[in-house]
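The structure appears right after this line, and notes come after that.
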Amino acid sequence: MTNDKKRIAYFVSPHGFGHAARASAVMGAVHKTDPKIHFDIFTTIPPWFFEESLESTYTYHPLMTDIGLVQETPLYADLARTVVRLNRFIPFEESQISGLAMKIDRLNCELVICDIAPMGIAVAREGGLPSVLVENFTWDWVYQEYIEHYDSLKHHVDYLGRLFSEADYHVQTQPVCSLKPVDLNVLPVSRKARSAGDEVRQALRIPEGARMVLITMGGVPENYRSLKGLKLPEDLYLIVPGDSNAFSVYDHLILLPHHSKFFHPDLINAADAVVGKVGYSTLAEVYHGGAPFGYIKREHFRESEILAAYIERHMNGFAIEEKRLRTGDWVSVVSRLLEMPRIRRRVPNGAEQVAKFVCGLL
């Protein structure tokens, strides 16, 4: 690597794939603005996710940066286990933070960006580097909902709230859960599609003229093999990423592994409609792709209602109950979803807005 490279340390929450997707979108836009920037990524998100998402140069550093919520399924969290892991994880060990500060100093990093792993803020502060917090919610805000049932969370909310407030620069990405005075507020941040929809459909072996519905539940594995028993219209195909170890076809149901040759934003771009968990990165990718969205809310998760309200105001789609997805009853309303028009966006991707801000700091 030539010594004219600039380096940014990026601390990414491993809670699902949404934070990694948003971080990848920002890194891609920063690289497009300034190709000399090299990223040092700290997370436990699988390395293949960044290999698939990034064209910029980067170094992967495996590190548990965050707890978030311990997920039982894509829609349900195990709060008791979450509290146990938080009790072990925070407050951060001073020796770990000082060691990481020395590491990013040796790497010659000039800036630390955090999505939404507060460890990065602590490391930046210890190392005397500026920090940028990128979020649409922070963990103290999420944990507040559960204090009534888990009193020990109060200490974690206070600790994390202080850490988040110490970021030198604060960027919020729409849909924002808790609006605050910040340095920058941007439109939804998403990775961009790379392939034409027709090319993706052909690779999926979907006949010309057929309709394609993508079912996506984010980065937490889920089993929807019950969909194999559905009686689908002759011209309807369901695509389910993350529900198989290999590319598998069951009549009109196509199951894909998490790590497949199909880039997730390409699948969304090729779909006539999307059905899935309402998480940040899925919402952002569907927002920019423009397909109608049959969204499934997560109970007892504060972000979910805010994302749902954003869809109702700015996108085409409607809510689908989780049990209807599991039983296959939602297929009876898919025709209504497919009748909704695709929205052609004429707005910038929030990633480009963040990139301009970040490059300005360097």
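The values are calculated or read from the model by the stated rules, or taken from the named source; none is laboratory data. Since we're looking at a predicted model, the values are computed, not measured. Here the Cβ is made from the backbone with ideal geometry for all residues, glycine too, and neighbour counts use every protein chain on show.
Residues that are in a loop (DSSP other than H, G, I, E, B), surrounded by fewer than 22 Cβ atoms within 10 Å (Cβ to Cβ), of a type outside the set (Lys, Arg) and in contact (Cβ under 8 Å) with a residue 24 or more places away in the chain within the range 244-271 comprise His258, His259, Phe262, Phe263, listed in sequence order.
Residues in the range 147-175 that are aliphatic (A, V, I, L, M) and touching a residue at least 60 places away in the same chain (Cβ under 8 Å): Leu153, Leu160, Val171.
Of all residues being part of a helix (DSSP H, G or I) and in contact with a strand residue (DSSP E or B) (Cβ under 9 Å, 6 or more places away or on another chain) in the range 123-140, which is nearest to Leu86 (Cα to Cα)? Just the residue, please. My answer is Trp139.
Quick one: would you say Arg106 is surrounded by fewer than 20 Cβ atoms within 10 Å (Cβ to Cβ), farther than 30 Å from Thr57 by Cβ and not aromatic (Phe, Trp, Tyr)? Against the criterion (surrounded by fewer than 20 Cβ atoms within 10 Å (Cβ to Cβ), farther than 30 Å from Thr57 by Cβ and not aromatic (Phe, Trp, Tyr)), Arg106 does not qualify.
Among the residues of the range 103-119, is there at least one that is under 25 Å from Ala284 (Cα atoms) and without any contact (Cβ under 8 Å) to a residue 60 or more places away in the chain? Checked the range 103-119: at least one residue is under 25 Å from Ala284 (Cα atoms) and without any contact (Cβ under 8 Å) to a residue 60 or more places away in the chain. Cβ separations smaller than 6 Å between residues 6+ apart or across chains give the following pairs from the range 1-25 residues that are over 23 Å from Lys356 (Cα atoms) to residues that are at pLDDT 90 or above and not in a loop (DSSP other than H, G, I, E, B): Pro14/Thr43. From the list Leu86, Leu107, the lone residue that is under 24 Å from Arg302 (Cβ atoms), of a type outside the set (Phe, Trp, Tyr) and out of contact with any Gly (no Cβ under 8 Å at 6 or more places or on another chain) is Leu86. Note on the range 272-288: residues that are among the β-branched types (Val, Ile, Thr) and part of a strand (DSSP E or B) amount to 2. Among the residues of the range 73-109, which ones are of a type in the set (Asp, Glu) and either within 24 Å of His155 (Cβ to Cβ) or in contact with a Lys or Arg (Cβ under 6 Å, 6 or more places away or on another chain) (or both)? The answer is Asp78, Glu93, Glu94.
Screening Pro91 against (1) over 30 Å from Lys261 (Cβ atoms); (2) in a helix (DSSP H, G or I) leaves a single unmet condition, (2). Restricted to the range 143-172, and to residues there that are out of contact with any Asp or Glu (no Cβ under 7 Å at 6 or more places or on another chain) and crowded, with 18+ Cβ neighbours inside 10 Å, the residue that is nearest to Ala23 (Cα to Cα) is Ala167. Residues in the range 229-274 that are of a type in the set (A, V, I, L, M, F, W, C), at pLDDT 85 or above and more than 19 Å from Arg344 (Cα to Cα): Leu236, Leu238, Ile239, Val240, Leu253, Ile254, Leu255, Leu256, Phe262, Phe263. In the range 153-195, what count of residues is obtained for those that are part of a loop (DSSP other than H, G, I, E, B) and within 23 Å of Leu69 (Cα to Cα)? Counting residues in the range 153-195 that are part of a loop (DSSP other than H, G, I, E, B) and within 23 Å of Leu69 (Cα to Cα) gives 11.
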